[in-house]
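To keep things clear, I will list the structure first and then write my remarks on it.
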Amino acid sequence: VQLVESGGGLVQSGGSLRLSCAASGRTFSSYAMGWFRQAPGKEREGISCIRSSDGMIFYKDSVKGRFTISRDNAKNTVYLQMNSMKPEDTAVYYCATDPICSRAQIFFLAGSWGQGTQVTVSS
């Protein structure tokens with residue numbers, strides 16, 4: 001699977017961005033998708049995921065209520081709408097296929113990564 005992210009950029013604190021991740025190479029509707037991010041000096045963390053089997057959605061607590069994940073299977077695309085952004089949201093954001101997607105964890109085990117898109121939130 002090939003993944004291409006877009007939509008990153010510079011935004012002020014309290015602002016919004018929408019990230020997109022376009023997939024190709026495999027039946028998109030058959031697999032879960034996740035969004036991850038990596039801030040400078042920190043490990044990559046899973047922040048949201050959406051399952052294909054039942055449509056369940058999960059969020060890391062730090063983004064719950066501010067970020068919304070969605071998918072459009074007709075367009076082979078997953079989105080991450082980010083509102084009320086904070087400087088601590090600054091990171092490179094990645095989409096990935098086939099994450100472990102549950103209330104307990106959002107974890108990349110084996111699948112494909114996009115190239116990442118930089119998101120910077122200024123205070």
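Filter region 73-107 for residues that are open to solvent by less than 60 Å² (accessible area, probe 1.4 Å) and charged (D, E, K, R) and give the result.
ASP89, ASP98, listed by residue number.
Do we find that SER24 is at pLDDT below 95, polar (S, T, N, Q), over 30 Å from SER123 (Cα atoms) and in contact with a Lys or Arg (Cβ under 9 Å, 6 or more places away or on another chain) in this structure?
Judged against the criteria, SER24 is not a match.
For SER13, are the conditions met, namely being open to solvent by 60 Å² or more (accessible area, probe 1.4 Å) and touching a helix residue (DSSP H, G or I) at 6+ places or on another chain (Cβ under 8 Å)? Please lay out each step first, then the result.
On the way: open to solvent by 60 Å² or more (accessible area, probe 1.4 Å): yes; touching a helix residue (DSSP H, G or I) at 6+ places or on another chain (Cβ under 8 Å): yes.
It is true that SER13 is open to solvent by 60 Å² or more (accessible area, probe 1.4 Å) and touching a helix residue (DSSP H, G or I) at 6+ places or on another chain (Cβ under 8 Å).
Does ALA110 qualify as being aliphatic (A, V, I, L, M), more than 11 Å from the chain's Cα centre (by Cα) and open to solvent by 10 Å² or more (accessible area, probe 1.4 Å)? Spell out how you get there, then give the answer.
Values: aliphatic (A, V, I, L, M): yes; more than 11 Å from the chain's Cα centre (by Cα): yes; open to solvent by 10 Å² or more (accessible area, probe 1.4 Å): yes.
Judged against the criteria, ALA110 is a match.
Quick check on THR90: is it modelled with pLDDT of 95 or more and closer than 18 Å to VAL4 by Cβ?
For THR90, the condition - modelled with pLDDT of 95 or more and closer than 18 Å to VAL4 by Cβ - is not met.
Can you tell me which of SER70, SER24 is within 18 Å of SER6 (Cα to Cα) and under 12 Å from the mean Cα position of the chain (by Cα)? Step through it out loud before you land on a result.
Details: SER24 fails: under 12 Å from the mean Cα position of the chain (by Cα).
SER70 is the lone residue from the list that is within 18 Å of SER6 (Cα to Cα) and under 12 Å from the mean Cα position of the chain (by Cα).
Looking at SER70, SER29, SER48, which is the one that is exposed (fewer than 12 other Cβ atoms within 10 Å of the Cβ) and closer than 16 Å to CYS101 by Cβ?
Working: SER70 fails: exposed (fewer than 12 other Cβ atoms within 10 Å of the Cβ); SER48 fails: exposed (fewer than 12 other Cβ atoms within 10 Å of the Cβ).
Just one listed residue meets the conditions, SER29.
The values are calculated or read from the model by the stated rules, or taken from the named source; none is laboratory data. Predicted model only: the values in this text are computed from it and were never measured. So basically every Cβ, Gly included, is an ideal-geometry build from the backbone, and we count neighbours across all protein chains shown. For accessibility, only protein heavy atoms count, side chains too; no ligands or nucleic acids. Shrake-Rupley method; radii C 1.70, N 1.55, O 1.52, S 1.80 Å.
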